Amino acid sequence: MRITLLEPYCTGSHRAWAEGYNAHSQHEVQVLAMEGRFWKWRMHGGAVTLARQFLAEGLRPDLLLATDMLDLTTFLALTRQVTAQTPAALYFHENQLTYPWSPGDADPALRRDAHYGFINYASALAADAVLFNSDYHRRAFLGALPDFLGAFPDCREPGSVAGIAEKSRVLPLGLDLRALDGPAPPRVGSPLLLWNHRWEYDKNPEDFFRALFRLDELGVDFTLAVLGESFRKSPPSFAEARRRLAPRIVHWGFVESFADYAAWLRRADILPVTSIHDFFGAGVVQAIYCDTWPLLPMRLAYPEHLPQARHGEFFYDDFEDLVARLAELCRGIEGVRRMPTRSLVARYDWAALAPDYDALFAHLARGGTFAVDSGAGLG
C-alpha cells in the first residue's frame, strides 16, 4: 500500500513523527515536506507548493496523510484530477483553535487569528478521517468548535461539528523511544531536577522556577539541568533563574546532540512540569521512559500517559502542593531512584505503535470508516 505523507512544516516533533513512521511502517510511505519555518505562511501557501510537487512527481497513493499545518481543502482542489477518489486522513499534532497565542503576536489584537483555526476546521471537514495525538486534544478541538463557529455572522453550520466528531479518533504520537536507550549513569549525590521543554511562555517557566526558588529558600538539596530549545525572546524568568540558582546548575542550554540529550534524561531524577499547554507532551514521555520521575499537573494530556491507579504518585493539585511534593521527593531521593517508570510509557515506541498505524491506514484506504459511537473504533 502507498501512502503520501504531506508535511508543510517539517521540523521538530513534526519531522520526527514523519520520519519515524516512514522508517517503521510496513507500507510504502512517501514524505512530501517543506522546511519548518514561517508557520503562518505554511498554513496559507504550503498546500500550493505541495500540490505542485505531488503532481510533478506523478504520485498515485492509496491514502493521503496530511498534518494540521496543511490546508487540505486547497491541496485537494489543486490535485482533484488524481485525488478525487483518494481517501485523506488528517493528523493533528496541534490545532489553532486552542493553541495559546504568544503574548507578543499582534494577530489576536488585530482580529487576524481566526483564519488559521478556520483552515483546521475546513481541513477536518474535507478529510475522511481526523486523527488526534491525545484524547485531551480531540476533546479540546471538538469542544472549541461551537464557540468558534458561533462568532461568525450567519450560516455557522453547527451540525458540522458532529460530522467531524464521528470521523475522529485518537492515534497517539509515535516516538523512537528506543533511541534513548544507553548506559545508565549512577544516580548518586544531590537530586537532579530537569527542564527539557522549549523556553516559551506556554511551558510556564515562571511557576517552574518559582517552585525551585522556594526549595532553595527551604534549604532543600537539589541540582538543576535546563535543556530545551531557547529563542531570542525567551521569557525573562530564565535569566533570573540562571542568576539566582547558579550554584545548583549543572547544565544550562540546548544540547545539539540527541545522544547528549538522551544521556541527560537517563541521568536526571525528577521532572517537575508546570506547562499550561501540551497536546501530547513528547518530552515528558521521553523523560518518563528514561526513568525520570514525573511530577505533573492534573491537566492537558498528562493523565492519559500514566495508569489512573498511580495518579496519586505522579500528579499535584496546585502550586503549593507542587512545592511540597517536590521537596518530599528530593528528601527521599534514594527511594525515588529505586522505582523505574519506563514500562509506563513504552507503548508509545514506534515498535508498538507502527502496526496500529498501518492497520488503521489500510482500513481507511479500503474505504473503511470509524464507528459513530465515540469516534474511537473502526466501523
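The figures follow:
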{"quantity": "Glu35 vs. criteria acidic (Asp, Glu), more than 27 Å from Arg366 (Cβ to Cβ) and either assigned by TED's automatic domain parsing to the domain that holds Arg198 or out of contact with any Lys or Arg (no Cβ under 8 Å at 6 or more places or on another chain) (or both)", "calculated": "yes"}
{"quantity": "The one condition in (1) without any contact (Cβ under 8 Å) to a residue 60 or more places away in the chain; (2) assigned to a strand (DSSP E or B) that Leu271 fails to fulfil", "calculated": "(1)"}
{"quantity": "Filter result for Leu125 (modelled with pLDDT of 95 or more, assigned to a helix (DSSP H, G or I) and either in the same structural domain as Leu63 (by TED's automatic domain parsing) or basic (Lys, Arg) (or both))", "calculated": "yes"}
{"quantity": "Residue satisfying all of: in region 238-261; exposed (fewer than 11 other Cβ atoms within 10 Å of the Cβ) and over 27 Å from the mean Cα position of the chain (by Cα); nearest to Glu200 (Cα to Cα) among these", "calculated": "Arg243"}
{"quantity": "Members of region 1-54 that are in contact (Cβ under 8 Å) with a residue 40 or more places away in the chain, hydroxyl-bearing (Ser, Thr, Tyr) and surrounded by fewer than 21 Cβ atoms within 10 Å (Cβ to Cβ)", "calculated": "Ser13, Ser25, Thr49"}
{"quantity": "Qualifying position, being farther than 30 Å from Arg138 by Cβ and either assigned by TED's automatic domain parsing to the domain that holds Val336 or acidic (Asp, Glu) (or both), among Ala287, Ala282, Ala239", "calculated": "Ala239"}
{"quantity": "Meets criteria (over 19 Å from Glu35 (Cα atoms) and in contact with a Pro (Cβ under 6 Å, 6 or more places away or on another chain)) for Leu70", "calculated": "no"}
{"quantity": "So Gly46, is it within 19 Å of the chain's Cα centre (by Cα), assigned by TED's automatic domain parsing to the domain that holds Tyr91 and under 20 Å from Ser123 (Cα atoms)", "calculated": "no"}
{"quantity": "Any chance Ser13 is modelled with pLDDT of 95 or more and among the hydroxyl-bearing types (Ser, Thr, Tyr)", "calculated": "no"}
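The values are calculated or read from the model by the stated rules, or taken from the named source; none is laboratory data. From a predicted model like this one, the values you see are computed outputs, not experimental measurements. Methodologically, a virtual Cβ is constructed for each residue, glycine included, from the backbone with ideal geometry; neighbour enumeration extends over all protein chains shown.
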